[in-house]
1. Can you tell me which residue is nearest to the chain's Cα centre (by Cα) among those in the stretch 60-100 that are within 21 Å of residue 45 (Cβ to Cβ) and free of Cβ contacts under 8 Å to residues at least 12 places away in the same chain?
2. More than 20 Å from the chain's Cα centre (by Cα), assigned to a strand (DSSP E or B) and at pLDDT 85 or above, is that true of residue 104?
3. Determine which member of the set 59, 76, 42 is closer than 24 Å to residue 123 by Cβ, modelled with pLDDT of 85 or more and either touching a helix residue (DSSP H, G or I) at 6+ places or on another chain (Cβ under 6 Å) or surrounded by 14 or more Cβ atoms within 10 Å (Cβ to Cβ) (or both).
4. Tally up the residues in the stretch 83-125 that are surrounded by 18 or more Cβ atoms within 10 Å (Cβ to Cβ) and under 18 Å from residue 59 (Cα atoms), please.
5. Output the residues belonging to the stretch 107-125 that are in a strand (DSSP E or B) and over 17 Å from residue 64 (Cβ atoms).
6. Among the residues of the stretch 116-127, are any more than 30 Å from residue 31 (Cβ to Cβ) and touching a helix residue (DSSP H, G or I) at 6+ places or on another chain (Cβ under 9 Å)?
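The values are calculated or read from the model by the stated rules, or taken from the named source; none is laboratory data. Bear in mind that the values here come from a model prediction, so they are computed numbers and not experimental data. All Cβ positions, glycine included, derive from the backbone under ideal geometry; neighbour counts span all protein chains shown.
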């Protein structure tokens with residue numbers, strides 16, 4: 001009877017052999033997915049900020065620098081391309097100018113989708129609108 005009690009823990013130890021390695025692998029995979037997910041969120045926030053800055057730069061180019069609508073569109077597109085690289089796809093830049101009395105209001109809208117990558121490849125839409133005002137000089 002005593003032999004059976006002494007042999008029982010040895011059987012349990014043999015049955016659980018290798019379980020620590022398997023548990024470590026699962027924990028590392030979970031940790032890796034969390035880290036890659038955090039990196040993907042960082043890229044999404046960066047791309048959103050680049051799109052917002054490009055809309056602002058386009059509106060500023062049209063108003064403060066005295067450029068026209070096409071220049072504002074070009075400036076906004078170039079800011080996204082140079083800052084975000086290929087991170088933003090299907091980018092569209094819409095520029096509108098509205099005259100109210102002796103004031104010109106320039107509105108730049110930049111939209112696009114983030115390139116899908118990472119653990120969970122989502123195509124997240126990003127967009128921003130910037131408005132700038134210029135008082136026309138009297139003729």
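1. 85
2. no
3. So the residue among 59, 76, 42 that is closer than 24 Å to residue 123 by Cβ, modelled with pLDDT of 85 or more and either touching a helix residue (DSSP H, G or I) at 6+ places or on another chain (Cβ under 6 Å) or surrounded by 14 or more Cβ atoms within 10 Å (Cβ to Cβ) (or both) is 76.
4. Total satisfying the criteria: 9.
5. 109, 110, 111, 112, 113, 114, 125
6. yes
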